[in-house]
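Before any comments, here is the structure.
The values are calculated or read from the model by the stated rules, or taken from the named source; none is laboratory data. These numbers come from a predicted model, not from an experiment. Reconstructed Cβ throughout: ideal geometry from the backbone, glycine too, with neighbour counts over all protein chains shown. These accessible areas exclude ligands, DNA and RNA; they are computed on the full protein's heavy atoms, side chains included. Shrake-Rupley method; radii C 1.70, N 1.55, O 1.52, S 1.80 Å.
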Amino acid sequence: MNLVTAHDYAWIRTSPLFRHMLESGYTLTLIQGRTPREVLRAMEAVPRGTGEGTAGLIEADDAHRAEVDYDYWDESYVAGAFSARGENGDWTLVLGFDGGLGIAAPCVETLSKGGRVVAHSTNGGKPIHLFHWFEDGDLRTTFEGPSSRDGNTPDELVPLLREVGFPLTSEGEHDEGAPDVDRKAAVLALAERLTGIRVTESLLQDATYELGLVPEQPAEEWTSVVIDITDAHGERLHREWTYEEIATASDRVRAEANAPVVITYNEPPAVDRSQHETGE
């Protein structure tokens, strides 16, 4: 029985490699029963040969960033994939310094058909740490904070979350009395519980990666924007604007901005000449 906990991943806090992953923003995905080539093809990645270890992956990604002139808005990146032995056979580990974007959801759903996909990521900068578990095409559990879970079965992992060290009650609520934990280390332990793959610094550094250039994903269409703010006094503002309302307001502001500017002067009232001459 796999009894790994967050303690087994304490090494990440002294690892230069993991520091780079956190600062750059990364996604690490484990896909059951698929080869690296299958995974990169599903990601629509353009083959870029192989890279020796994370040094080769970083070098390839840095070269791509130079090709796009370090465009901050360009979300393409070089991903690296290799095979790893895990629970019930071979898995593919995919690592990308993608700013935490992650593999597109439809692609992950397809890759998880008939198997399992587990992914975790960090966006770098002001960190957002995400976890996703897909099973046979379904997003079973996802969270940023373990007490605020989503997915088709958001509570199924609560026993495992508690076992790896997350401070949760048996109902899955935050446990104020439990000791705090390194949440990133706990996520890696959770991923190992679900895949049987122990991720180590040497596993990532010494692998031969199949490389692929992952193109930018098309922007998702949106229909509305919701603002939900509660101020320090407990006053809440909740408002939803539809796409049509925003487009109409934008058109009105644009029209006002492009309208010709008319300058008028307020002239003083005319003084009657006879009054001016008599001083009246």
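With the Cα gyration tensor of the range 70-187 in hand, give its eigenvalues times 5 under a square root as the equivalent ellipsoid semi-axes, listed largest first in whole angstrom.
Details: eigenvalues 132, 75, 36 Å².
Gyration-tensor ellipsoid for the range 70-187: 26, 19, 13 Å.
Using a 1.4 angstrom probe on heavy atoms only, work out the carbon and sulfur share of the accessible area of the chain in %. Could the numbers behind the result be given before it?
On the way: 8460 of 16750 Å².
The nonpolar share, carbon plus sulfur, comes to 51 percent.
Length gain on complete extension for the stretch His7 to Glu144, per 0.36 nm per residue less the alpha carbon to alpha carbon distance? All intermediate terms of the calculation are to be shown ahead of the outcome.
Values: separation 137, 0.36 × 137 = 49.32 nm, distance 2.00 nm.
Length difference between fully extended and current span is 47.3 nm.
Hey, got the dipole for the chain? About the Cα centre, +1 on K and R Cβ, -1 on D and E Cβ, debye to the nearest 20?
Values: 23 positive and 50 negative charges, 228 e Å.
Rounded to the nearest 20 debye, it is 1100 debye.
Using the reciprocal of the averaged 1/r over all distinct C-alpha pairs, how large is the Kirkwood radius of the range 126-228 in Å? Display every interim value, and only then the final one.
Details: mean 1/r = 0.0614 Å⁻¹.
That comes to 16.3 Å for the range 126-228.
Over the range 24-78, one equal point on each Cα, no solvent: what is log10 I(q)/I(0) by the Debye formula at q = 0.30 Å⁻¹?
Treating every Cα as an identical point scatterer, log10 I(q)/I(0) equals -1.37.
Just Lys184, Lys113, Lys126 to compare: in a GNM of the chain, with alpha carbon springs under 10 Å, which one fluctuates most?
Top of the fluctuation ranking is Lys126.
Two-decimal Rg/Rh of the chain from alpha-carbon positions, Kirkwood Rh? Display every interim value, and only then the final one.
Details: Rg = 27.7 Å, Rh = 22.2 Å.
A ratio of 1.25.
Given a cut-off of under 8 Å on Cα pairs at least six residues apart, what relative contact order in percent is computed for the range 27-125?
Details: 142 pairs, mean separation 46.4, N = 99.
Contact order relative to length: 47 percent.
At most 16 other Cβ atoms within 10 Å plus a DSSP loop assignment makes a site exposed; report the longest stretch of the chain without any exposed chymotrypsin sites (Phe, Trp or Tyr not before Pro). Write out the running numbers ahead of the final one.
Numbers: sites that count: Tyr70, Tyr72, Trp73, Trp222, Tyr265.
Between exposed loop sites, the widest span is 74-221.
Tell me, what is the per residue accessible area of the range 133-207 in Å², probe radius 1.4 Å?
45
I want the local charge near Glu52. Using Cβ-Cβ distances under 11 Å, sum +1 for each Lys or Arg and -1 for each Asp or Glu among the other residues.
Summing Lys/Arg as +1 and Asp/Glu as -1 gives -2.
Using a Gaussian network model of the chain with C-alpha springs under 10 Å, which one of Glu173, Glu38, Glu240 is most mobile by mean-square fluctuation?
Largest GNM mean-square fluctuation: Glu240.
For the residue pair Glu59 and Asn88, what label-to-label distance in nm results when each label sits 7 Å from Cα along the Cα-to-beta-carbon direction?
3.8
Taking the Cβ of Arg140 as the centre, find all other residues whose Cβ is under 11 Å away and add up their charges (Lys, Arg: +1; Asp, Glu: -1). Before the final figure, lay out the partial values.
Details: positive: Arg116, Arg149; negative: Glu135, Asp136, Asp138, Asp150, Asp155, Glu156.
That works out to -4.
When the gyration tensor of the range 1-148 is built from Cα positions, what are the square roots of 5 times its three eigenvalues, in whole Å, from largest to smallest?
Values: eigenvalues 108, 77, 51 Å².
Equivalent ellipsoid semi-axes, largest first: 23, 20, 16 Å.
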